[in-house]
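First comes the structure, then the notes that go with it.
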Amino acid sequence: MKTKLLIYILISLMLGQLTVVNAQEVDIPDDSVWSLAWSPDSTHIAAARYNGIVEIQSALTGLVEKTLQSGFISQITAVAWSPDGTRIAGSNELKSVFLWDTNTGLLIRTLQGQITDHITNLAWSSDSTFIAGVSQFDGKLQIWNADTGQLLIDEWAGYLEGLDWIDTRIISAVASGVVLFDSNTGEYIKDIGLQNVYIDSVAWSPDGNRVVSGGMDGVVRIWDANASQEILVLSGHTLPVPSVDWSPDGSSVVSASLDGTVLIWNSTTGQLIKTIQVGAPLLSVKFSPNGNQLAYSGDVVGVGETVTIIPAPTTVSSLILFASTDDFLLYIDGRDADFRPKF
């Protein structure tokens with residue numbers, strides 16, 4: 001069975017009301033991986049599945065080494081690995097945030113917020129002491145002490161989507177664009193970028209000076225966080241972009257779209273570096289912390305829902321998923337063809 005997601009290709013704000021210009025339905029499998037998170041040492045990746053579990057996979061072998069259970073049969077919609085590597089946070093449709101021990105795989109604590117809708121995105125503080133979450137339709141930013149479970153901040157900000165945290169600054173997106181919050185108080189600081197299209201995803205550059213966003217219109221944008229100005233407009237997707245990320249050195253950004261493509265861009269010039277054609281809706285994409293690998297999740301035709309890990313591209317080429325066997329996927333990259341383990 002597959003659930004239907006109504007995908008709004010272009011949503012604009014007109015006279016204070018939302019106007020849907022175009023829409024289409026996309027099939028999303030019930031076991032879809034909705035969110036990915038790398039371990040800080042780049043050896044493992046956590047995959048949050050729609051069927052209610054979080055899997056920890058080896059980046060080397062692709063084998064699932066641990067399965068994290070919340071005790072509830074409910075969709076896990078977001079996952080985040082603590083910077084110190086000791087805990088994984090996941091959120092589900094029951095409006096809860098779960099914390100697991102990465103060594104034992106056991107549930108440590110369940111965090112509860114004052115919301116009526118599920119938490120769609122999670123982010124850790126750099127010292128692994130606090131965990132932040134945003135609730136899309138409740139429009140709330142909430143921050144907990146991960147050690148005690150105490151809810152410290154509960155701020156309403158309007159419709160929120162996407163989340164990232166660097167030093168004392170948190171970014172998310174409202175209907176009008178990217179917004180900046182103070183992590184100490186939860187208070188709104190300023191707009192980083194304003195536009196008339198909903199934004200699906202946001203991410204800080206490693207140096208904290210730029211922000212990349214992925215829009216419902218399929219456009220990726222890079223913003224100057226200090227000047228609150230749009231720097232680059234990157235067009236290439238035809239459907240919404242639910243996930244964006246930066247390479248650890250800040251030289252490139254990656255975007256995953258429901259149109260079935262992963263696009264990698266030069267973050268300074270806007271040049272398209274690489275196109276990865278998967279041919280099925282993609283929900284998450286992440287560079288490994290060491291910058292050597294790239295992981296993305298999608299429903300590969302003939303293979304099923306899978307997490308794919310590839311070497312981080314550095315040259316201009318096109319990687320095409322060509323065929324599969326029971327254990328391997330065959331990729332064609334330019335003139336080269338190579339089998340890689342199916343994850």
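Bear in mind these aren't lab numbers, they're just calculated from the coordinates by the rules spelled out. Here the structure is a predicted model, which is why all the values come from computation and not from measurement. Glycine gets a Cβ as well: all are built from the backbone with ideal geometry, and neighbour counts include every protein chain shown.
List every residue whose amide H lies under 5 Å from the amide H of THR102, counting only residues 5 or more places away in sequence or on a different chain, with H placed 1.01 Å from N in the peptide plane.
For THR102, the qualifying residues are ARG87, ILE88.
Would you mind computing, in nm to one decimal, how far apart the modelled labels at THR61 and ILE189 are, each placed 7 Å from Cα along Cα→Cβ?
Calculated label separation equals 4.4 nm.
Looking at region 34-80, which chymotrypsin sites (Phe, Trp or Tyr not before Pro) are in a loop (DSSP not H, G, I, E or B) and have at most 14 other Cβ atoms within 10 Å?
Working: sites: TRP34, TRP38, TYR50, PHE72; in loops: TYR50, PHE72.
Answer by residue number: PHE72.
Between ILE189 and residues 5 or more places away or on another chain, which pairs have amide H atoms under 5 Å apart, with H built 1.01 Å from N, and which residues are they?
The answer is LEU180, PHE181, ASP182.
In sequence order, what are the phi-derived ³J(HN,Hα) couplings for region 56-66 according to the Karplus relation 6.51 cos²θ - 1.76 cosθ + 1.60 with θ = phi - 60°, rounded to whole Hz, with x for glycine and proline?
Values per residue, Gly and Pro as x: 9, 10, 6, 6, 7, 9, x, 6, 7, 9, 9 Hz.
Taking θ = phi - 60°, what integer Hz values does the Karplus form 6.51 cos²θ - 1.76 cosθ + 1.60 yield along region 233-242, in sequence order, with x for Gly and Pro?
Running phi through 6.51 cos²θ - 1.76 cosθ + 1.60 with θ = phi - 60° gives 10, 10, 9, x, 8, 10, 9, x, 10, x Hz.
For TYR159, TYR198, what's the fewest-to-most ordering of other Cβ within 10 Å of each Cβ?
Details: TYR159 17, TYR198 22.
Arranged by neighbour count, lowest to highest, TYR159, TYR198 become TYR159, TYR198.
Got a sec? How would ARG87, ARG49 order by Cβ neighbour count within 10 Å, fewest to most? Write down the numbers at each step before the final one.
Numbers: ARG87 21, ARG49 24.
Lowest to highest Cβ neighbour count: ARG87, ARG49.
Using the per-residue mean of other Cβ atoms lying within 10 Å as a proxy for protection, in what order, highest first, do the peptides 186-196, 283-293 fall? Intermediate values should be presented prior to the final figure.
On the way: 186-196: 16.2, 283-293: 20.0.
By packing density, highest mean first, the sequence is 283-293, 186-196.
Applying the Karplus parametrisation 6.51 cos²θ - 1.76 cosθ + 1.60 with θ = phi - 60° to the phi angles of region 193-199, what ³J(HN,Hα) value in whole Hz is obtained for each residue in order, glycine and proline being reported as x?
x, 10, 7, 9, 10, 4, 10
Grab the other residues whose beta carbon is less than 12 angstrom from that of SER255, score K and R as +1, D and E as -1, and report the net. Can you show the working numbers first?
Values: positive: ARG221, LYS274, LYS286; negative: ASP200, ASP245, ASP259.
Spelling it out: positives minus negatives among the neighbours equals 0.
Under 14 Å from the Cβ of THR148, count the other residues' Cβ atoms, weight Lys and Arg +1, Asp and Glu -1, and hand me the total.
On the way: positive: ARG87, ARG109; negative: ASP147.
Charge balance near THR148 sits at +1.
Roughly how far apart, in whole Å, are the Cα centres of region 158-231 and region 46-120?
Their Cα centres are 25 Å away from one another.
What does the C-alpha gyration tensor say about the overall shape of region 33-156? Classify as rounded when a/c is under 1.5, otherwise prolate if a/b is larger than b/c, or oblate.
Working: a/c = 1.89, a/b = 1.45, b/c = 1.31.
Because a/c hits 1.5 or more and a/b exceeds b/c, region 33-156 counts as prolate.
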